[in-house]
Amino acid sequence: MKKLQLLILSLFVAATAFAGSSQFANISHDELQAVVASGKAVIIDVNGTESYQAGHIPGAINYSTARNNLAAALPADKNALIVAYCGNEQCGAYKAAASAAAKLGYTNVKHYSPGIAGWISSGAPLEKVKG
């Protein structure tokens, strides 16, 4: 009986972890570059204001300043592509913005898992806040 309970618990933990990790589909680097070039998505940087000012994916909005009125920063079209990213593949902070967009009814929310570290290491251009 104890083995069965352990098996059930293990399956529950695995299923929960899988469900949490797959809630938002990943967007590849090449796909994101194309989206940035076309301007056909809202990109949300969740790395904090200091990081955002130092350099972010071109066109991205700063979640730290937009979070209290995120609906105003997002398009009326609930099918619009929304991409959230944070620091790197180990970072889960993107979930705050992605979940907030989903709660507002957006149905095409994706995650750029390499984050700003992956964007920089690819040699892709950064946008910086002039100040």
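Once phi is turned into θ = phi - 60°, what whole-Hz ³J(HN,Hα) does the Karplus curve with 6.51, -1.76 and 1.60 give for every residue of region 47-64, x standing for Gly and Pro?
8, x, 5, 4, 5, 4, 5, 5, x, 9, 4, x, x, 5, 9, 8, 4, 4
Please sort 58-71, 94-107 by packing, taking for each peptide the average over its residues of neighbouring beta carbons within 10 angstrom, highest first.
Final packing ranking: 94-107, 58-71.
What FRET efficiency do you get for Leu104 and Lys130 if R0 is 25 Å and r is their Cβ-Cβ distance, rounded to the nearest 0.05?
0.25
When Lys and Arg each count +1 and Asp and Glu each count -1, what net charge do the other residues less than 9 Å away from Leu81, Cβ to Cβ, add up to?
+2
With an 8 Å cut-off on Cα pairs and a minimum separation of 6 or more residues, tell me the relative contact order of region 24-121 in percent.
35
None of the figures in this text is laboratory data; all of them are computed from the coordinates on show. Here the structure is a predicted model, which is why all the values come from computation and not from measurement. Virtual Cβ from ideal backbone geometry, glycine too; neighbours counted across all protein chains shown.
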